[in-house]
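The values are calculated or read from the model by the stated rules, or taken from the named source; none is laboratory data. All values derive from a computational prediction rather than experimental measurement. Cβ placement follows ideal geometry from the backbone for every residue including glycine, while neighbour counts extend to all protein chains displayed.
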Amino acid sequence: MDASFEQIADKLRKTDAEILDDLLKICPKSQMLTNIFNVKDWLSDALQVKVLEISEPLHYRFLRVDNSIKVSYKGSHKSSWTDFESTILKCMPPGRPYIVKPNYENIVFDKFLKHIRELKVLFKNPLAFELWDSFVSRIKENKEHRNPIWILDTLLRQMPNENKCSCCNS
């Protein structure tokens with residue numbers, strides 16, 4: 001992570017990034033995050049393993065083996081894969097997770113725009129202030145969310161389980 005930030009800092013020393021699009025261009029493989037699904041709450045009733053108090057980020061791998069799903073995890077990219085003894089889910093949770101609404105209560109938008117307005121004379125891009133003003137307006141109105149794509153709807157389905165699940169009756 002530190003190495004990535006160092007690379008970005010080095011690029012910012014050499015290249016101006018006055019607006020978010022400029023920043024995205026200099027950050028390798030980056031994109032604007034527009035929606036966050038609350039997968040934790042969506043999965044909670046269907047989980048059959050404890051996933052509380054996890055402080056280490058993990059990588060997960062899901063493989064179809066015959067007619068079942070094999071789940072493995074590892075810590076860093078250098079770690080070896082460890083298989084779960086059983087599956088993580090009792091069943092497929094119904095529906096879709098809801099989108100988390102961002103909390104902007106600690107941002108003073110007028111003060112932020114005042115600072116941008118004061119720096120307006122330093123911008124090389126003549127549209128920079130208008131782009132920032134438009135961005136802040138969309139956030140204030142909570143219109144930054146675009147059409148969310150829930151990728152799970154597009155994936156192939158696993159064979160149905162013959163045992164009924166108590167959490168979702170599937």
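When Val49, Val39 are screened for being at pLDDT below 80 and under 27 Å from Asp153 (Cβ atoms), only Val49 passes. Pro93 meets each of the listed conditions (1) surrounded by fewer than 11 Cβ atoms within 10 Å (Cβ to Cβ); (2) outside any helix (DSSP H, G or I); (3) not small (Gly, Ala, Ser) apart from (1). Checking each residue in segment 120-155 for being under 13 Å from Ile19 (Cα atoms), aliphatic (A, V, I, L, M) and surrounded by 13 or more Cβ atoms within 10 Å (Cβ to Cβ) picks out Ala128, Leu131, Val136.
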